[in-house]
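This report concerns only the one structure given below.
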Amino acid sequence: VTYEGTNQVKDAKINMIVREYELFSMKENENISSMFVRFTNIINSLQSLNKCYTNKEAKDLNTLPLEELLGSLMTHEMTIKNHEDDEEQDKKKNKVIAFKSSTVDSSEEESDDE
């Protein structure tokens, strides 16, 4: 009881982690690896509280080994990053620098010299 807490505490923990699981999404500016670590922590927390999801509960997901999914997502992330880097380099190459010119009247120069 001291370590796990009462049934009420355990149920509250399960509900909180299930909510995290159900609302799980990738954060802005987060890479696949850190997202996967967050997801794994949620799954491990659920398993430690004896709450596991089966394929029947996750009807929308096709069966795909987790390692293959992670590999595919990381490959896709690298492809997108390379594409963005290429676009950034193209923008740098296409920058045009323009200088503003002005004319100075020669009579004004003479009066300044005096």
Those residues of the range 1-17 which are open to solvent by less than 60 Å² (accessible area, probe 1.4 Å) and at pLDDT 90 or above amount to Ile17
Within the range 48-78, the residues that are exposed (fewer than 14 other Cβ atoms within 10 Å of the Cβ), assigned to a loop (DSSP other than H, G, I, E, B) and either touching a Cys at 6+ places or on another chain (Cβ under 6 Å) or at pLDDT 80 or above (or both) are Asn50
Looking across the range 18-37 at residues that are open to solvent by 100 Å² or more (accessible area, probe 1.4 Å) and in a helix (DSSP H, G or I), the single one that is farthest from Gly71 (Cα to Cα) is Arg19
Ser45 passes all but one of the listed conditions (1) out of contact with any helix residue (DSSP H, G or I) (no Cβ under 9 Å at 6 or more places or on another chain); (2) part of a helix (DSSP H, G or I); the exception is number (1)
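The values are calculated or read from the model by the stated rules, or taken from the named source; none is laboratory data. Owing to the predicted nature of the structure, the values given are computational and were not obtained by experimental measurement. Note that each Cβ is placed from the backbone with ideal geometry, even for glycine, and that neighbours are counted across all protein chains shown. Calculation scope for accessible area: heavy atoms of the full protein, side chains included, ligands and nucleic acids excluded. Shrake-Rupley method; radii C 1.70, N 1.55, O 1.52, S 1.80 Å.
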